[in-house]
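Step one of this worksheet: look at the structure below.
The values are calculated or read from the model by the stated rules, or taken from the named source; none is laboratory data. From a predicted model like this one, the values you see are computed outputs, not experimental measurements. Every residue, glycine as well, gets a Cβ built from its backbone with ideal geometry; the counts of neighbours run over all protein chains shown.
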Amino acid sequence: VKERGRGDFRFYQSQMNVGLLSRMKIDHAMREALEEQRFRLFYQPQIDLYSGRLVGAEALVRWTDPSLGVMAPSDFISIAEETGFIVTLGGWVLREAIRQGELWQIQGIDLTMSVNVSAAQFHQLNFVESLAQWLTASRLPASRLELELTESILIQNVDETLIRLDALVDLGVRLAIDDFGTGYSSLAYLKRFPIHKLKIDRSFVQDIPDDESDAAISTAIINLAHSLNLKVIAEGVENDIQRRFLLDAGCDEFQGYLCSPPVDPDSFVQLVGALGLS
Ligand code: C2E
Ligand code: CA
Ligand code: CA
Ligand code: CA
């Protein structure tokens, strides 16, 4: 038993080292990729459900590494969050999305640019100051920038968070709660925090209208949002049945493969031509 225990321990230890090694390797590769400008932003259209016209774009980071291949955000974002690199990467994402949004404004493409913000990034001491500087230097109106915040951001350090959200609203920036309903939802913070929009998570949208609970939850989020004077957008809409259901339930906007996956900026401009702007 003793011997087997030792063997198990050695096995466990080497597994841990492999995990640690690949995390360090990926962290190193991410830092190199940023220096060598290998990160890209793709953009997914956000559509007004009533008019069918384009109202916004969500910026989503993309990374193809020459030796590691295509890296999914779901894999590298969590590592970047653990190592702290997300602060640097998230700063780049914000500046790049602002730059693209400004360029499109100049070209007459007036849309809201939505950007995902991680907890570590949001809670950085100089987060609001840096954003204010980038916006001042840009011709993108602050009202055309929307930050997608998760519920987990909002429940950390509530008093400090409230001050920060107020400062962001003073800049003119819009605030959305991403993946709404999947985190530690507290209805109290909806009352307390200056939020503009709720984003219904894909997990609730996926099986509507067949799954009655998901249909009920989606409808409840839409009604909750509207009774608090918030806008509501559904993500992960893949078919017309889902779109119809959300339209009938009074949802304001949607995004998903039904319209388009996230695409590079050139393809996005072609979509604008096809869809028109609201
Ligand atoms: P998210 O913010 O919930 O983004 C939505 C994800 O769903 C995106 O995956 C998008 O490509 C995908 N999606 C969009 N429409 C559909 C659809 O109709 N069906 C299906 N099955 N999927 C759809 P992606 O780009 O792989 O990003 C995954 C997650 O990684 C994001 O989830 C977000 O949490 C994070 N992420 C991506 N880019 C950034 C970033 O720049 N900063 C931060 N902090 N997080 C990011
Ligand atoms: Ca998002
Ligand atoms: Ca400005
Ligand atoms: Ca989501």
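Scanning region 221-251 for residues that are small (Gly, Ala, Ser) and within 15 Å of ligand 4 (Cβ to nearest atom) yields Ala234, Gly236.
May I ask you to say which residue of Ser203, Ser218 is part of a helix (DSSP H, G or I), buried (at least 18 other Cβ atoms within 10 Å of the Cβ), hydroxyl-bearing (Ser, Thr, Tyr) and within 16 Å of ligand 4 (Cβ to nearest atom)? Exactly one residue qualifies, and that residue is Ser218. Does Ala97 satisfy the criteria of being within 30 Å of Ser186 (Cβ to Cβ) and under 13 Å from the mean Cα position of the chain (by Cα)? It is true that Ala97 is within 30 Å of Ser186 (Cβ to Cβ) and under 13 Å from the mean Cα position of the chain (by Cα).
Scan region 48-69 for residues that are in contact with a Phe, Trp or Tyr (Cβ under 8 Å, 6 or more places away or on another chain) and in a strand (DSSP E or B) and the total you get is 7.
Report, ordered by the first and then the second residue, all pairs with beta carbons closer than 6 Å, sequence separation of six or more or different chains, a first member in region 148-169 that is under 18 Å from Ser186 (Cβ atoms) and touching a residue at least 60 places away in the same chain (Cβ under 8 Å), and a second member that is more than 16 Å from ligand 3 (Cβ to nearest atom) and among the polar types (S, T, N, Q). Hits for this filter: zero, empty list. Of the residues making up region 101-113, those that are over 13 Å from Pro141 (Cα atoms) and within 16 Å of ligand 2 (Cβ to nearest atom) number 0.
Restricted to region 159-189, and to residues there that are modelled with pLDDT under 90 and more than 16 Å from ligand 2 (Cβ to nearest atom), the residue that is farthest from Asn229 (Cα to Cα) is Tyr184. When each of Gln105, Gln121, Gln133 is tested for being exposed (fewer than 13 other Cβ atoms within 10 Å of the Cβ) and assigned to a helix (DSSP H, G or I), the lone residue that passes is Gln133. Only residues that are within 16 Å of ligand 4 (Cβ to nearest atom) and either on the phi > 0 side of the Ramachandran plot or part of a helix (DSSP H, G or I) (or both) were counted across region 157-200, and they come to 2. Across region 229-259, the qualifying residues are those that are touching a His at 6+ places or on another chain (Cβ under 8 Å) and surrounded by fewer than 21 Cβ atoms within 10 Å (Cβ to Cβ), and the one among them that is nearest to Leu54 (Cα to Cα) is Lys231. Candidates in region 136-156 are the residues that are more than 16 Å from ligand 2 (Cβ to nearest atom) and not in a helix (DSSP H, G or I); of these, the one that is nearest to Thr182 (Cα to Cα) is Gln156. A count restricted to region 23-74 and to residues that are in contact (Cβ under 8 Å) with a residue 12 or more places away in the chain and within 16 Å of ligand 2 (Cβ to nearest atom) stands at 16. Answer yes or no as to whether Val87 is within 16 Å of ligand 3 (Cβ to nearest atom) and assigned to a helix (DSSP H, G or I). Taking the combined requirement at face value, the residue does not satisfy it.
Filtered by the rule that a residue be surrounded by fewer than 21 Cβ atoms within 10 Å (Cβ to Cβ), part of a helix (DSSP H, G or I) and either in contact with a His (Cβ under 8 Å, 6 or more places away or on another chain) or among the aliphatic types (A, V, I, L, M) (or both), region 70-84 gives Ile77, Ile79.
Taking the numbered list (1) within 16 Å of ligand 3 (Cβ to nearest atom); (2) out of contact with any Gly (no Cβ under 7 Å at 6 or more places or on another chain); (3) on the phi < 0 side of the Ramachandran plot in turn, Glu148 passes all entries but (1).
Scanning region 48-85 for residues that are more than 16 Å from Gly256 (Cα to Cα) and of a type in the set (Lys, Arg) yields a count of 1.
Taken together, the criteria exclude Ile208 from residues that are among the β-branched types (Val, Ile, Thr), within 16 Å of ligand 2 (Cβ to nearest atom) and either in contact with an Asp or Glu (Cβ under 8 Å, 6 or more places away or on another chain) or under 30 Å from Asp166 (Cβ atoms) (or both).
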